[in-house]
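Okay, structure first, notes after.
The values are calculated or read from the model by the stated rules, or taken from the named source; none is laboratory data. For clarity, every value in this text was computed on a predicted model and none was experimentally measured. Cβ atoms come from the backbone with ideal geometry, glycine included; neighbour counts cover every protein chain shown.
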Amino acid sequence: MSEFITLNHGSGGRASQDLIQNVFIKSFGDTNAILSDSVVLQTSKNQIAFTTDSFVIDPIFFPGGDIGKLAVCGTVNDLSVSGAVPKYLTASFIIEEGFLIQDLKQIVNSMKEQAKITNIKIVAGDTKVVHKGKCDKIFINTSGIGILEKDYSHISTAEKIESGHKIIVNGFLGDHSIAVLGARNELDFKVDVQSDCSCLHDLVQVVLKTGVRVNFMRDVTRGGLATVLNELADMVNLGIELEEKEIPVRDSVKGLCEVLGFDPLYLANEGKVVMVVNSEDADKTIKIMGNHPLGKDSKIIGEITTEHPKIVVGKTEIGGKRIINMLQGEQLPRIC
């Protein structure tokens, strides 16, 4: 582990994992703890899912959203992919001196709109203002609570995953990263791509209520699909095989990735969920998701295997195979 914090430590990839394990877990938690989007807690009557997150992005307004929408969607999604129904949210703001009140109103209204869509209540918060130059415009921290039925408590732990289970993603990857990148003034290109920033709660609940056997879910944010699947393979001590030709990526995103040297599997998203379901339920799941606006481009992209434990292998479009590792560096800083 390096002596100093670098941008790589915020990438969601290998450096982030090392920081969490070697600094935070050693001090705060159980070294054998399962790291998921939300922690599941037992109260006297219910199980609840609890999560917290901080949002920093440049620019704060981008095609398809802004930092306020991002903050609510990100928190809602962390609860939703744990199988929980989002209920309550807190929001704290660190604001740089000189920030426009009108921009703050727009951001807060975006949060209000997404909370209304999700039926989640914003119940508490805090505001701090720092001297000009001591903060990059605005940072938002959120925490969220959701109610979790006991039948779904296994989703976060992936304890029911077995070889042969199918891996599904609900649509095009990389839109968020490319939309944000294109919105940066210092970059000499424009691309007609909107961020996929959206709340996944309704799509997830529609699938769960049909009785589909969902064995794992995770929203695909920092570090991209590759990092999520590497974390999963490590959790369950099984291998993963991907059919890369089935992974949905827009032609415009592919083209820009080729120019800039990015791999779409490592790009951040803010409206994508990976589900692992029983093989017998895979086609049914695709049909159910396909009837929802956020799932109409869903694809079965791979499966769990006993071969090559803890390793993700991609079958390329030309028939070869490659090992897909966890994100090692920082492709696109300040993305979420």
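Computed values, structure above
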read-out	value
Condition check for Ile318: more than 26 Å from His9 (Cα to Cα) and more than 22 Å from the chain's Cα centre (by Cα)	yes
Some residue of segment 242-252 being under 13 Å from His165 (Cα atoms) and over 14 Å from the mean Cα position of the chain (by Cα)	yes
Members of segment 247-277 that are of a type in the set (Phe, Trp, Tyr), surrounded by fewer than 24 Cβ atoms within 10 Å (Cβ to Cβ) and touching a helix residue (DSSP H, G or I) at 6+ places or on another chain (Cβ under 7 Å)	none
Candidates Ile101, Ile60, Ile25, filtered to the one that is surrounded by 13 or more Cβ atoms within 10 Å (Cβ to Cβ), more than 15 Å from the chain's Cα centre (by Cα) and either under 30 Å from Val129 (Cβ atoms) or charged (D, E, K, R) (or both)	Ile60
Matching residues in segment 141-171 - criterion: being in a strand (DSSP E or B) and in contact with a Gly (Cβ under 8 Å, 6 or more places away or on another chain)	Thr142, Leu148, Lys166, Ile167
Residue within segment 43-59 that is modelled with pLDDT under 85 and farther than 23 Å from Ile145 by Cα present	no
Tally of residues being more than 19 Å from Phe99 (Cβ to Cβ), assigned to a helix (DSSP H, G or I) and either within 12 Å of the chain's Cα centre (by Cα) or hydroxyl-bearing (Ser, Thr, Tyr) (or both) across segment 64-81	8
Hey, Asn109 more than 20 Å from Thr51 (Cβ to Cβ) and either free of Cβ contacts under 8 Å to residues at least 40 places away in the same chain or not β-branched (Val, Ile, Thr) (or both) or not	yes
Odd one out for Val23, checked against (1) β-branched (Val, Ile, Thr); (2) assigned to a helix (DSSP H, G or I); (3) in contact with a strand residue (DSSP E or B) (Cβ under 8 Å, 6 or more places away or on another chain)	(3)
Unmet criterion (only one of (1) surrounded by 20 or more Cβ atoms within 10 Å (Cβ to Cβ); (2) among the aliphatic types (A, V, I, L, M); (3) more than 21 Å from Thr118 (Cα to Cα)) for Leu41	(1)
Pro333 vs. criteria within 19 Å of the chain's Cα centre (by Cα) and either at pLDDT 95 or above or not hydroxyl-bearing (Ser, Thr, Tyr) (or both)	yes
Test result for Ile101, in contact with a helix residue (DSSP H, G or I) (Cβ under 8 Å, 6 or more places away or on another chain) and either at pLDDT 95 or above or not β-branched (Val, Ile, Thr) (or both)	no
Residue in segment 3-15 that is touching a residue at least 40 places away in the same chain (Cβ under 8 Å), buried (at least 16 other Cβ atoms within 10 Å of the Cβ) and part of a strand (DSSP E or B) present	no
Complete set of residues in segment 278-307 that are crowded, with 16+ Cβ neighbours inside 10 Å and among the polar types (S, T, N, Q)	Asn278, Thr285, Ser298, Thr305
The listed residue being of a type outside the set (Phe, Trp, Tyr), assigned by TED's automatic domain parsing to the domain that holds Val191 and on the phi > 0 side of the Ramachandran plot, out of Gly255, Gly239, Gly223	Gly223
Test result for Lys128, loosely packed, with under 12 Cβ neighbours inside 10 Å, over 30 Å from Ser44 (Cβ atoms), in contact with a strand residue (DSSP E or B) (Cβ under 7 Å, 6 or more places away or on another chain) and outside the structural domain of Leu229 (by TED's automatic domain parsing)	yes
